[in-house]
1. Based only on other Cβ atoms within 10 Å, what is the fewest-to-most ordering of 121, 92?
2. P(r) for the stretch 11-84, please, calculated from all Cα pair distances in 10 Å bins and given in %.
3. Could you list 120, 10, 73 in order of exposure, starting from the residue whose Cβ has the fewest other Cβ atoms within 10 Å?
4. Using bins 5 angstrom wide from zero, how does P(r) for the stretch 84-139 break down, in % of all Cα pairs?
5. Tell me, in nm to one decimal, what length is gained between residue 50 and residue 21 on full extension, where the rule is 0.36 nm per residue of separation less the Cα-Cα distance?
6. So, in nm, how far is label residue 111 from label residue 9 when the simple model puts each one 7 Å beyond its Cα toward the Cβ?
7. Relative contact order, percent, of the stretch 3-136 when contacts are C-alpha pairs under 8 Å separated by at least 6 residues?
8. Would you compute, from DSSP H runs of 4+ residues alone, the mean residue ellipticity of the chain at 222 nm, taking -39500 (n - 2.57) per run and dividing by the full residue count, rounded to the nearest 500?
């Protein structure tokens with residue numbers, strides 16, 4: 001198993017443990033008690049865009065089969081590309097290439113419903129979190 005697979009396995013194990021632990025229930029209560037900014041259509045000079053919902057993520061256990069693992073690895077790659085993008089000129093170009101390449105890999109390794117949810121959640125936060133939220137299967 002390569003190092004990234006090991007990290008992903010540990011991350012998923014930690015999230016699954018958190019969801020099943022005594023901390024999971026108070027977190028869910030807090031998530032339900034805090035206000036949520038619902039999605040809405042925002043008019044812009046370029047047309048209407050749909051804003052993301054702003055809320056704490058739902059922590060639910062996720063099963064990571066081979067396809068989901070590959071999608072999650074691609075999401076990690078996209079997030080790491082943000083670090084490269086801070087290098088003037090060339091960093092932005094390199095990061096854009098990485099994001100486009102791994103974005104396609106995410107689409108290839110997710111079901112259509114997972115990918116729809118991923119795109120919805122990716123508007124707001126890191127791609128890795130958006131992928132995990134998509135695997136939870138809830139909007």
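1. Values: 121 22, 92 14.
Fewest-to-most Cβ neighbours within 10 Å comes out as 92, 121.
2. 16, 27, 38, 18, 2
3. On the way: 120 17, 10 10, 73 20.
Fewest-to-most ranking of 120, 10, 73: 10, 120, 73.
4. 4, 21, 23, 22, 14, 10, 5, 1
5. Numbers: separation 29, 0.36 × 29 = 10.44 nm, distance 3.49 nm.
Net length gain for the segment: 7.0 nm.
6. If labels sit at residue 111 and residue 9, their model points lie 2.5 nm apart.
7. Details: 158 pairs, mean separation 31.6, N = 134.
Relative CO of the stretch 3-136 lands at 24 percent.
8. Numbers: 6 runs with 88 residues, N = 139.
Helices in the chain give a 222 nm mean residue ellipticity of -20500 deg cm²/dmol.
Each value in this text was obtained by applying a stated rule to the coordinates, not by laboratory testing. In this text, all values refer to a predicted model and were calculated from it rather than measured experimentally. Glycine gets a Cβ as well: all are built from the backbone with ideal geometry, and neighbour counts include every protein chain shown.
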